[in-house]
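So the structure is just underneath, and the comments pick up after that.
Every number here is computed from the coordinates shown, using simple stated rules; none is lab data. Nothing here was measured: the structure is a model prediction, and the numbers come from that model. Cβ atoms come from the backbone with ideal geometry, glycine included; neighbour counts cover every protein chain shown.
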Amino acid sequence: MKKQISLGVLFLLCLLPLCAQQSLLPTPASMRLAKGTFVIGKDIRVQGSNGYTAQLGAQLQAELRTLASSASSSPGSIRLSIDKESAMPKEGYSLIITPTDVLLQASDEAGLFYAKEALLQLARSGKGVLGACRIEDSPRYEWRGFMLDESRHFFGKEKVKQYLDIMASLRLNVFHWHLTDEPGWRIEIKRYPKLTSEGSVGNWHDPKAPAAFYTQEDIKEIVAYAAQRHIMVIPEFDMPGHATAVCRSYPEISGGGEGKWEHFTFHPCKEETYQFISNVLDEIVSLFPAPYIHIGGDEVHYGNQSWFTDPDIQQFIRDKKLQNETGLEHYFIRRAADIVASKGKTMIGWDEVVDAGVSPQKAVIMWWRHDRKHQLVKALENGFRVIMTPRRPLYADFVQYATHKVGRTWNGYNPIEDIYRFPAPIIHLTKDYENQVMGMQFSLWTERVADIKRLDFMTFPRLIAVAEAAWTPEKAKECSSFMRKLPSFLEYLDTLGIYYFNPFDPASTPEPDAPAKEDVLQNG
Ligand code: ACM
């Protein structure tokens, strides 16, 4: 009997590191378990030959020492290597753990970085003991993103950096930063100081909230921080609508608007407007090295009432033979695309842009209107590259659990399982256009997210499912196995003090409220 128990305990102990290993998220394309363990002690040494491998190796060594077990290290070494000639796909990596050695290999720096992040996750969950295994991994999609709206509410540099750390661990590689909209303009532009002295005052629930914005030095710091984690930062400067914060600061380029939509659009006919946009973009382009600039282009009809009545605007429509106000909107988008292209960048726009007559060489489309699947299809048929962030299931401001009350719904809500399954329910629409689908992102609008507790709650754990949906090949995905591995990542979030929704014990994480204001649109 005693022997049986001790054998059972031994068996469980042997399984421990293996279980820990299996909690690697996102799930790798291929992972084969082997016999034995590699122990990381405080004396662990990591070797990189030179350049990036040496730099990343030194970082990995410091990080592993903080995660070390109390035992001393296995005798062998941890080595990093980049072989540019290898057949490994872009961002792919291999991680081989044996009882004597650990080898991280990739054909590019991003891949090696992901090997390091995978190893750190394994070390964290295994408490410094790694089960032997061989992982061969590469991403399903090149665009694995998260969008944060800091116009509606501002969260600040330290929170953004924390999210970039978590994104790196999840192998997410795009931070789409929605910095301009109705309540506030959040980025210093030296040529137009009123954008921040006036435009950054206020937020969604309090129009008098103190000025809050990122200085250009802050932006450089965050972009560099992201780059070290192989995350590209894409700024969004929304136009011609959602431009309220700009147009109330510089009313000479405002397109008018009525009531709560006053100053919602740029003036679409003044050359001064396009010069202003070009000047602002000069500064934005100098701060963000990514090849893309997001110019919005969504929901112009909300606040373009003055376009229908302003005699100059009506004359402009006739002179330019634009037919109507929608034609004028499309003219604006084409001008914006040309300005962005003149700065050597490619424009990204929300899916309204598909209809604007912009060349698919000049624009990438973000599909967001889940109820307009034909807009996704049209974008693909017209040759555009597409990033998928349909409201259902990829908007993070939708509630995530049946009893939750704060947040959006639309014939349902966005539970973690729906996110996990994406894009399977719409994959037939993208068939034959796989090369044009760049990937997907989780987008968090923050009308009803006024503080960090609610920010965390809406983001996690759903962002983890987004990471797996965007990284892991369909054949390696399995929702129940993902849910089994999730607690290990949640433990990591615990160490960071993140207030995530706990899907395993919903009552333990009550839904944080948001300040009252008119509700954001439901089904709209
Ligand atoms: C959007 O949600 N208006 C892109």
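Using the scaling law 2.2 N^0.38 Å as the reference, what is the normalised Cα Rg of region 453-505? Numbers along the way, then the final one.
Values: Rg = 11.5 Å, N = 53, 2.2 N^0.38 = 9.9 Å.
The value comes to 1.16.
Using alpha-carbon positions, what is the distance between the centroids of region 64-128 and region 189-250, in Å?
Spelled out, the Cα-based centre of one part sits 38 Å from the other.
Compute log10 of I(q)/I(0) for the chain with the Debye formula, placing one identical point scatterer on every Cα and leaving out solvent, at q = 0.11, 0.12 Å⁻¹, to two decimals.
The calculated log intensity ratios at q = 0.11, 0.12 Å⁻¹ are -0.97, -1.13.
Count the net charge of all other residues whose Cβ sits under 13 Å from the Cβ of Lys362, scoring Lys and Arg as +1 and Asp and Glu as -1. Before the final figure, lay out each step's value.
Working: positive: Arg334, Arg335, Lys343, Lys345, Arg385; negative: Asp338.
Taking every Cβ under 13 Å from that of Lys362, the sum is +4.
May I ask for the percentage of alpha-carbon pairs in region 82-167 that lie more than 15 Å from each other? Intermediate values should be presented prior to the final figure.
Values: 2418 of 3655 pairs.
Tail fraction, whole percent: 66.
Under a plain spin-label model, where a point goes 7 Å from the Cα along Cα-to-Cβ, how far apart in nm are Arg134 and Ser86?
The modelled label-to-label distance comes out at 1.3 nm.
Charges only on Cβ, +1 for Lys and Arg, -1 for Asp and Glu: so what's the dipole of the chain about the Cα centre, in debye to the nearest 20? List each step's numbers first, then the result.
Values: 59 positive and 64 negative charges, 394 e Å.
It works out to roughly 1900 debye.
If you average the alpha carbon positions of region 134-171 and of region 339-380, how far apart do those two centres end up, in angstrom?
A separation of 23 Å, based on Cα centres.
Full extension from Cys479 to Ala71: what is 0.36 nm times the residue separation minus their Cα-Cα distance, to one decimal in nm?
Working: separation 408, 0.36 × 408 = 146.88 nm, distance 3.52 nm.
Answer, rounded to one decimal: 143.4 nm.
How far, in nm, would the chain grow between Asp355 and Asn279 when pulled straight, counting 0.36 nm per residue and subtracting the alpha carbon separation? Kindly include the intermediate steps, with their values, before the conclusion.
Details: separation 76, 0.36 × 76 = 27.36 nm, distance 2.63 nm.
Net length gain for the segment: 24.7 nm.
Once you keep just the Cα pairs under 8 angstrom separated by 6 or more residues, what percentage relative contact order results for the chain?
Values: 1087 pairs, mean separation 69.9, N = 524.
Answer for the chain is 13 percent.
Using square roots of five times the C-alpha gyration tensor eigenvalues, list the equivalent-ellipsoid semi-axes of region 372-524 in whole Å, biggest first. Each step should come with its number before you reach the end.
Numbers: eigenvalues 152, 83, 30 Å².
They are 28, 20, 12 Å, listed from largest to smallest.
Counting other Cβ atoms within 10 Å, which GluC sites (Glu not before Pro) in region 115-186 have at most 16 and lie in a DSSP loop? Don't jump to the answer; show the numbers that get you there.
Numbers: sites: Glu117, Glu136, Glu142, Glu150, Glu158; in loops: Glu142, Glu150.
Answer in residue order: Glu142.
Give a residue-ordered list of calculated ³J(HN,Hα) values for region 222-234 (Karplus: 6.51 cos²θ - 1.76 cosθ + 1.60, θ = phi - 60°; whole Hz; x for Gly, Pro).
6, 4, 5, 4, 5, 4, 4, 9, 6, 10, 8, 9, 10
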